[in-house]
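In what follows, a single structure is set out as structure tokens and then discussed.
All of the numbers you see were taken from the coordinates with simple rules; none came from a lab. From a predicted model like this one, the values you see are computed outputs, not experimental measurements. Because the Cβ atoms are built from the backbone with ideal geometry, glycine has one as well, and the counts that use them run over all protein chains shown.
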Amino acid sequence: MYAFNYQKAKSVADAAAALAKNPDAKALAGGQSLIAAMKLRLAAPAAVVDLGGVAELRGIKSDGKNLVVGAMTRHSEVVFSDDVRKAIPALAHLAGEIGDRMVRNMGTLGGSIAHNDPAADYPAAVLGLGATVETNKRKIAADDFFKGLYETALEPGELITSVSFPVPKRAGYVKFKQPASRFALVGVFVADTGSGVRVAVTGAGPCVFRVPEMEKALASKFAPESVANIRIPDKGLNSDIHASAEYRAHLVTVMAKRAVQAALG
Ligand SMILES: Cc1cc2nc3c(=O)[nH]c(=O)nc-3n(C[C@H](O)[C@H](O)[C@H](O)COP(=O)(O)OP(=O)(O)OC[C@H]3O[C@@H](n4cnc5c(N)ncnc54)[C@H](O)[C@@H]3O)c2cc1C
């Protein structure tokens, strides 16, 4: 790890000012991705601005129509939140599937989607539920937020403050885990939103993506058999020592079927 300066922010404005002053500074949330990258010298920020003391970034609110989760809310808080379990049980389930207890007690929603690891779980829920990402500057629709491999619509120094999830009629998330890290080899989030069905896939490609053909089939009949014969092309999918592109394409269909079944209860 290279030497760096450390600053603990007291508020969002304080953190934004510190990041604006130093273009080589990075926000620090749970540190589960950033600190690991710094240790490996894959990231070398001149300074880190710790968001851990910013109370306004934490917490979960629900008004029955939307569930708003603060960016610094830890995965474990989402798992055990009564509001999340009641409004969107699939989201609590997804958070409980992330890594291990240590990762869930430290990692945050904001850190996960800002990092946008191709195998991360939260991007599937954000895209699958058609959520809105709120930052210190604007609101960004999920469809416009995830741009590519580790790439999002965030501008340098822009901070996620919360994510607003519309409460769906029903939703399900199922992933096939990479057994060592528990990241998704393939994970599929399916949501019946009342204004249409959304299917979001993580782990299979360089970035989370939707499957319009499955969405259309599920809109006419919300049942596992509707997606059983829909196979996505393997061209452009991830291929590594854990799984070939062809295998990942196969898993998308299988996980989608199981996610629909999970949504049906
Ligand atoms: C062993 C292990 C297993 C894991 N398994 C899984 C898994 O199964 N599924 C999964 O989804 N994830 C997994 N993770 C990743 C984990 O979920 C992390 O919590 C997540 O990737 C990063 O969140 P963080 O809060 O730790 O962010 P950090 O590491 O602190 O930050 C990550 C990036 O986001 C930026 N950032 C942080 N907060 C904000 C903000 N509010 N606004 C703008 N930018 C911000 C930082 O500057 C940095 O670039 C695993 C991690 C480990 C170490």
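Hand me the list of strands (runs of 3 or more DSSP E) wholly inside region 1-70 holding 3 or more residues that are in contact with a helix residue (DSSP H, G or I) (Cβ under 8 Å, 6 or more places away or on another chain) and surrounded by 12 or more Cβ atoms within 10 Å (Cβ to Cβ).
It comes to 25-28, 47-50, 60-62, 66-70.
Select from region 126-149 the residues that are farther than 26 Å from A243 by Cα, of a type outside the set (G, A, S) and in a loop (DSSP other than H, G, I, E, B) and list them in ascending order.
Those that are farther than 26 Å from A243 by Cα, of a type outside the set (G, A, S) and in a loop (DSSP other than H, G, I, E, B): L129, N136, K137, R138.
Pairs please, first residue from region 128-140 and aromatic (F, W, Y), second anywhere and assigned to a strand (DSSP E or B) and surrounded by 20 or more Cβ atoms within 10 Å (Cβ to Cβ), Cβ atoms under 6 Å, 6+ apart in sequence or on different chains.
The qualifying pairs do not exist here.
Suppose the filter is closer than 16 Å to V68 by Cα and not in a loop (DSSP other than H, G, I, E, B); does P123 pass it?
Criteria met by P123.
Only residues in region 88-112 that are closer than 24 Å to M255 by Cα count as the first member; pair them with residues that are acidic (D, E) and within 6 Å of the ligand (Cβ to nearest atom), Cβ under 9 angstrom, at least 6 apart or cross-chain, and list the lot.
L94/D121; A95/D121; E97/D121; I98/D121; S112/D121
Kindly provide the set of residues from region 150-187 that are farther than 25 Å from M102 by Cα and either within 13 Å of the ligand (Cβ to nearest atom) or not in a strand (DSSP E or B) (or both), ordered by number.
Scanning region 150-187 gives E151, T152, A153, L154, E155, P156, G157, E158, V167, P168, K169.
Of (1) closer than 19 Å to N105 by Cα; (2) away from the ligand (no atom under 13 Å from the Cβ), Y2 satisfies all except one. Which?
(1)
Exactly one of these conditions fails for V211: (1) surrounded by fewer than 20 Cβ atoms within 10 Å (Cβ to Cβ); (2) within 18 Å of A263 (Cβ to Cβ). Give me its number.
The one condition V211 does not meet is (1).
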